[in-house]
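Working notes, beginning with the structure itself.
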Amino acid sequence: MSTVYIHWPFCLSKCHYCDFVSIPCTGNEDFAEWGKLYKNVLLSYMDGFGLRDVSITSIYFGGGTPSLVPQWFIDNLLNTVQKHCKLVEDVEITLEANPRTIDSGKARDLRDIGVNRLSIGVQSIIDEDLQMLGRIHSANDAISCVLDMTEVFSNVSIDMIYNRPHQTVASWQEELRTVLQLPVNHVSLYELIIEDGTKLKHLIDSNMLPSISDSSEFFENTITIAEECGFELYEVSNFAKMNDYSQRPDGAIFRTHPGGNPNYGKHNLSYWRYEDYYGIGPGSHSRISFNKKPEKLMSEKIAIAQIEDVQAWREWALTPRFDVETLSKDDEFKERTIMGLRAMCGICPATFDKVTKIKYGLQNKLAKLEENSYIMANADGVVLTYAGILRLNLIVRYLTEEFSI
Ligand SMILES: C[S@@+](CC[C@H](N)C(=O)[O-])C[C@H]1O[C@@H](n2cnc3c(N)ncnc32)[C@H](O)[C@@H]1O
Ligand code: SF4
């Protein structure tokens, strides 16, 4: 199972917190030329890295702001994938949208060409905070966009950011409760990260904004309120509307039935399961297995990172040649652990079984974590408990480095 990620790097303007590969657009982008470049890279993956032969479960248009590109651009790329690759019947096709860049007409056009999931960047529904974050829309714009989009798509997710400067836990509780009344089936609730080089970092460093506090109280409240409002946590930042399958196993915050709830985002689930992904666009990453023999300890993976600089990428994509790195066993184990522990499906037992045999001390570390009720290790794999999820970063370091807790 594999996924395709297509990164469109332009936005209307740069948000103050964002360090994604995204730059303000000029409004004069030559979409026909860009379309050819994306197609070049796509075809190179098909010819050189087996994309033709794998089953594709999800295609994700991320950014940047892919809702800025015309519908025919998306259509051309989807047609190319459809023509040459094997898409599963219920393939998920997601597009990220900024509330100021999509309306009902455009949404219907996108739906008609096969997009079946929309992820809308709301971030906050408080106007002053939206301004502080450098967003180009108001709270009302965001809410009406969500309502309009849910008329067109049955699969709509929204992004929110918490632990913002000046924000109190009480005000987040109220804001979150309001947001979770919207008729969406998925929310991504991110803790604000103050990234180096961003305007927000500069404002905080120069005391024009207060620095942010410890996020654990925010996180605990986020989980509780989401559950009360009918959303289950299935990854540290991702919550799916509960359905009949959603029941909480004793002691574990995460569900132990991967894929059990159709509202889980398939694209992200595939990252957490460490399945292969093919990234296209400036700054995009890929992980592709090159040895899938069952007797191998782990599938051996190659990593490809594409150039971040947008203009340099444009040159490169005329005749793409990939910088391929083979991941070491240690790197692969580290990535599997980080991705697996974030998600409710945990880390598959087969991987851990095999790795514990060669990784000195890992078995003892797992036993210690279990003793402290930070993980549950059973036939379904290694899964974090509620206490564990609050210490995710420490636990990952403990398992993957020379580090004690
Ligand atoms: C690449 S953005 C795509 C969404 C779309 N471009 C938009 O902003 O409307 C994905 C999400 O990552 C989150 N994000 C980006 N930078 C972040 C940061 N520094 N801290 C926390 N969340 C962040 C935001 O919630 C954002 O919606
Ligand atoms: S719109 Fe999204 S990708 Fe663009 S700058 Fe803002 S957060 Fe970053």
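Here, each number is a calculation from the coordinates, and none is a lab measurement. It should be emphasised that the depicted structure is a prediction, and the values quoted were computed from it without experimental measurement. All Cβ positions, even for glycine, are placed from backbone atoms using ideal geometry, and neighbour counts span all protein chains on display.
Seen from a random direction on average, the alpha-carbon convex hull of the chain projects onto 19.8 square nanometres. Within the chain, the cysteines lacking any other cysteine Cβ closer than 4.7 Å to their own Cβ are C11, C25, C85, C145, C229, C345, C348. Distance between the modelled labels on I136 and L392, one decimal in nanometres: 3.0 nm (7 Å Cα→Cβ projection). Note on the chain: helix-only mean residue ellipticity at 222 nm, from DSSP H runs of 4+ residues weighted -39500 (n - 2.57) and normalised by residue number, equals -11500 deg cm²/dmol.
Counting neighbouring Cβ atoms within 10 Å and putting the fewest first, the residues E371, E29 line up as E371, E29.
The ranking of Y277, Y386, Y162, Y264 from fewest to most other beta carbons within 10 Å of each one's beta carbon is Y386, Y277, Y162, Y264. For S284, nonlocal amide neighbours, meaning residues 5 or more places apart or on other chains whose placed amide H falls under 5 Å from its own, are Q306.
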